[in-house]
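Comments concern the structure below.
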Amino acid sequence: MIQIPDYNVPYALSPEQIKSFHEDGFLMLPDVLKPDQVKDMQAWSAEVKGWPNRLGQHMHYEEVRADGTTGLCRTENYVNYHKGFNDLFRGERLTGLLSELMGQRAVLFKEKINYKEAGGSGGFDAHIDASAYNHAGANKHQTFLMAVNDMDMSNGCLEVVPGSHKLTIPLAPNRCIDPTWEAKQTWVPVPMPAGAMLLFGSYLAHRSGANSSPKPRAAIYATYNGISEGDNHDSYYVHRRKLWPPTSERVPGEKYSEGAMIYAYGSPMSGGKESIAETLSSGNKKQTITSTVTDLFHLLEAQGQEGYIGEAISQLEHSLQAAEAARQSGADDATVTASLLHDIGQFLPHANAKEMMHNGESVGRKSHEVVGEVYLRKLGFPEKVCQLVGAHVVAKRYLTATEPGYLEALSSASKASLKYQGGPFSSQQVEEFLQDPLHKEKIALRQWDDQAKRTDIKAPGLQTFRPIVERALDG
């Protein structure tokens, strides 16, 4: 009989565990690792922590501790240089478990070890992980937190808000969770014995305090995405090293402001909070705009390669065609931007955005226009952009009621979704719509949306629209 390596032995989740994970957004797994594997993991963690700096390989990050001393707080990008961790993270036991939850093959996206020394070091502000990941070509992630040591509130265990992965969580300018929202939530501590694992997604609200105990502790995080979003592990670390290099590879005097906004928000890593605070306090609106648009474009690129519902083009190509039609018509920056981003809500998690089904297939997400409008408003886009995005379904209902032949010309998917969206306007609704100062732009955007399904043309690339979107955001 062939002996299966321990890290390839499958681990099956029960239906109750799967239900709990989807409802709460996290799941405790106390027995994935055997006792001897826990000891191995602890030894490997200490080994990686003791590695000397090596240019271009693993990435050590330091922090300034409560007592003013400097010490190691994190190591990233080590799995390619450590066989044990590679076998654990990429073995079938973990990847198979996640593949079952994701409905597709899970691949390792990134990994880190957070060290919290005794006496008040460490501590992470309330945040979600997703906004640090979208730029790297993947949007939906699941993470294993592995306790190297026993973890409780005294040494800064994780705290979560159950069910928050289903919400649109407001973020502050520093990209952490808005303090007002944070204060209103019930935060649940998640104590863990050494060797236990906690599974959670990148949209779950979480935080952790400093280690006020007399002993150091460490926690390992391995994050995965579905294979449909690509194997982005190495490209993620190329980007991270360029914008937010490990402490030993930084150039004296360089602030790494862009990297801090992406990779260091909420963390104790040296230079992170200081750089973010300086960027915000200096009123560097340009930097914030650039960062916001970069994140948006990465989201479009990462999620836009899938087919546009019921059509032979991609979602991204559809968005680009709509934006180009608006640009060629002479529309202003806000209208062109709204045309580009009109379907942004299709890709954002939201409890109220349910799939609309027709003949067993999805014809889009219900309320995606509202989700998109709210999302763009929170990013700081002007009201015109937000209202146009939020009204492209309303305009469809207007046109089906007033434009002869419009309903018949709709695609089958668009016709099917119309019944979920309220159907054609009544005569009273038509009159009310015409009182809207933006009704002409809303109708035009809908018409560009309808036309943006051509397979015989290729729209300009996404970066063509960056100056337009940045001007609109600057508003």
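Values quoted throughout were computed directly from the atomic coordinates according to the rules given, and no laboratory measurement underlies them. Computed from a predicted model, the values in this text were never measured in an experiment. Please note: Cβ atoms are built from the backbone with ideal geometry, for glycine as well, and neighbour counts cover all protein chains shown.
Shown for His141, His58: other C-beta atoms within 10 Å of each C-beta, ranked fewest to most, produce the order His58, His141. Considering only Gln57, Gly84, Ala46, the residue lying farthest towards the positive end of the dipole of region 6-283 is Gln57, judged by Cα position with unit charges set on Cβ.
Of all lysines in the structure, the ones whose alpha carbon falls short of 18 Å from that of Lys49, not counting any fewer than 8 places away in one chain, are Lys39, Lys83, Lys110, Lys112, Lys116, Lys215.
Could you give the angle, 0 to 90 degrees to the nearest 10, between helix 285-303's Cα long axis and the longest principal axis of the Cα atoms of the chain? Computed tilt is about 80 degrees. Helical runs (DSSP H, four residues minimum) scored at -39500 (n - 2.57) apiece and divided by the length of the chain put the mean residue ellipticity at 222 nm at -11500 deg cm²/dmol. If you take the Cα centroid of region 23-65 and the Cα centroid of region 232-275, the two points sit 20 Å apart. Rounded to whole Å, give me the distance from the Cα center of region 102-129 to that of region 432-454. So the separation of the two Cα centres works out to 44 Å. Here's the picture: charge each Lys and Arg Cβ at +1 and each Asp and Glu Cβ at -1 in the chain, and of Tyr236, Gly330, Gly372 the one pushed furthest to the positive end of that dipole is Tyr236.
Farthest toward the positive end of the dipole of the chain, out of Leu299, Ala395, Gln287, is the Cα of Gln287, where the dipole comes from beta carbon charges about the Cα centre.
About its Cα centre, the chain has a charge dipole of approximately 340 debye under the convention of +1 per Lys or Arg Cβ and -1 per Asp or Glu Cβ, with nothing else charged.
For the pair Lys184 and Gln429 in one chain, pulling the backbone fully straight at 0.36 nm per residue adds 84.4 nm over the alpha carbon distance. Show which lysines lie in cross-link reach of Lys184 when reach means a straight Cα distance below 25 angstrom and same-chain residues fewer than eight apart are skipped. Counting by Cα, and skipping residues close in sequence, Lys184 has these lysines nearby: Lys166, Lys273, Lys378.
Straight-line cross-link reach from Lys415 at under 18 Å between alpha-carbon atoms covers these aspartates and glutamates, not counting any fewer than eight positions away in the same chain: Glu311, Asp343, Glu355, Glu361, Glu369, Glu403, Asp449, Asp450.
Backbone amide hydrogens, once placed in the peptide plane, bring Ser213 within less than 5 Å of Gly119, Gly120, excluding anything fewer than 5 places away on its chain. The stretch between Lys255 and His439, if pulled fully straight at 0.36 nm per residue, gains 61.6 nm over its current Cα-Cα span. Near the amide H of Gly25, within less than 5 Å, lie the amide hydrogens of Gly163, all on another chain or at least 5 residues away, with H placed in the peptide plane.
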